[in-house]
Amino acid sequence: MTRSAASERLHIEVSGDGPRELGRARGAALRGTLPEAYAKYAELFRLLGVGEPLEREGVGRVLDALGVWRPACVDELVGIAEGSGLDLEQVVALNARTELIALGGRASAECSTVAATLGGHRYGVQTWDWHIELDPFWHTHVVRGPGLAFAGLTEQGIVAKIGVNEAGLGLHFNILGHRDDGPNGVPMHVLAKTVLCECRSVDEALALIREAPIRSSSAFTLLDVQRSVSAELSPDGVFVIDESGGSVQRTNHFQHPTPLAAQKHETYEPDSSERLALIRERLAGGLPADTAGLVALLRSGEGEPPLTCRADMALPYGERWATLATIVTDPEARTVSILDGAPPEAETGSWRTLTP
């Protein structure tokens, strides 16, 4: 599969006075690609053993949970369906793709994240590793609607993923795996969007997350000018990993013992622990001098744990993992910089820097 050049990667700017209007703007901007994006995800769900009846049931449970917690989130998803021509259930399935995939059981590769304080200035850096077949279906965006404006990276039809908001709160995103995960609460991508548009600080974000109906698992690495943490979200609750030695590191396994006891070890291990160990080994000599050094932490070569993930095209869909993007958040500057590619391309590739 041919990778898209950064200059060709879709960028959208959407706005609306209310959630439904905001959703319509997103749906309209993505109308040409959303049907194909959903079809490719539906194919992935089936490969992972999530049949149509199970998908429909999961979507119904997500809508019920959102209708109680944040009805405005449902309004926005309705707007996306109206603007794009997709059925509402298909839009919800895209936004709940993490929760639906959790109903399957195949091992995965995933993302690596570091938040660090360099010279008194906090930054976050992340690789986003995903199925290479879904590379055509992500884009950058700036969102201005009810609440705080934010900018970042997301997938077609999905309201948010990684980004920074106008108040200077950055959010990075890593999937985790708990044995009780399922589509019974707020989808992680919808929760990420809610944090970005409602919260001005790490403390506010943690308060919001703790009151949310969470029934699936991810880690949100959150940073502002005062603090950086990695919050482990799971059906067992929310557990905060604080910055230590000027940084916090995150891969795809639980670090807190409570959710770790119910982790799906077969999903991300031993890969996740090996990646985290490599990051920490590199940090043992001291923090990098700048963001280029942070990005370089996530480079890996032959025989090393895959901080940089390269797709094996001899494998079938569902097993071809690649680093699709590299992201740097700067809460103080209120910017997010996105490389359409992996850390080894950082010096020669084209970065897109966005301000909400």
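Worth a mention:
- Some residue of segment 227-250 being among the small types (Gly, Ala, Ser), free of Cβ contacts under 8 Å to residues at least 12 places away in the same chain and over 29 Å from ASP17 (Cβ atoms): yes
- Yes/no for GLU52 being acidic (Asp, Glu), buried (at least 17 other Cβ atoms within 10 Å of the Cβ) and out of contact with any His (no Cβ under 8 Å at 6 or more places or on another chain): no
- Any chance ASP87 is over 30 Å from VAL225 (Cβ atoms) and free of Cβ contacts under 8 Å to residues at least 12 places away in the same chain: yes
- Some residue of segment 39-57 being basic (Lys, Arg), farther than 30 Å from PRO343 by Cβ and in contact with a Ser or Thr (Cβ under 6 Å, 6 or more places away or on another chain): no
- Residue satisfying condition, being hydroxyl-bearing (Ser, Thr, Tyr) and farther than 23 Å from ALA277 by Cα, within set THR127, THR154: THR154
- Look at segment 142-170: where a residue is within 21 Å of SER230 (Cα to Cα) and acidic (Asp, Glu) and a partner is surrounded by fewer than 24 Cβ atoms within 10 Å (Cβ to Cβ) and at pLDDT 95 or above, sitting 6+ places away or on another chain with Cβ atoms under 7 Å, you get GLU166/LEU148; GLU166/ALA149; GLU166/ARG334; GLU166/PRO356.
- Checking LEU47 against (1) under 23 Å from ALA311 (Cα atoms); (2) hydrophobic (A, V, I, L, M, F, W, C); (3) in contact with a helix residue (DSSP H, G or I) (Cβ under 9 Å, 6 or more places away or on another chain), the condition it does not meet: (3)
- Residue list for segment 63-72, filter: in contact (Cβ under 8 Å) with a residue 40 or more places away in the chain and farther than 13 Å from ALA212 by Cα: ALA72
- Scanning segment 244-255 for residues that are buried (at least 16 other Cβ atoms within 10 Å of the Cβ) and farther than 18 Å from LEU298 by Cα yields PHE254, GLN255.
- Residues (over 24 Å from ALA167 (Cα atoms) and either in contact with a strand residue (DSSP E or B) (Cβ under 7 Å, 6 or more places away or on another chain) or surrounded by fewer than 23 Cβ atoms within 10 Å (Cβ to Cβ) (or both)) located in segment 207-238: PRO213, ILE214, ARG215, SER217, SER234, PRO235, ASP236, GLY237
- Qualifying residue in segment 110-132 (condition: over 15 Å from the mean Cα position of the chain (by Cα) and farther than 23 Å from GLN249 by Cβ): yes
- Filtered by the rule that a residue be modelled with pLDDT under 95 and in a loop (DSSP other than H, G, I, E, B), segment 315-350 gives LEU315, PRO316, TYR317, GLY318, GLU319, ARG320, GLU347, THR348, GLY349, SER350.
- For segment 241-289, filtered to residues that are over 18 Å from GLU304 (Cα atoms), among the β-branched types (Val, Ile, Thr) and in a helix (DSSP H, G or I), the residue that is farthest from the chain's Cα centre (by Cα) is THR258.
- Restricting segment 138-171 to residues that are within 12 Å of the chain's Cα centre (by Cα) and part of a loop (DSSP other than H, G, I, E, B), the residue that is surrounded by the fewest Cβ atoms within 10 Å (Cβ to Cβ): LYS161
The values are calculated or read from the model by the stated rules, or taken from the named source; none is laboratory data. Just so we're clear, the structure is a prediction, and the values are computed from it rather than from any experiment. Ideal geometry is used to build each Cβ from the backbone, glycine not excepted, and the neighbour counts take in all protein chains shown.
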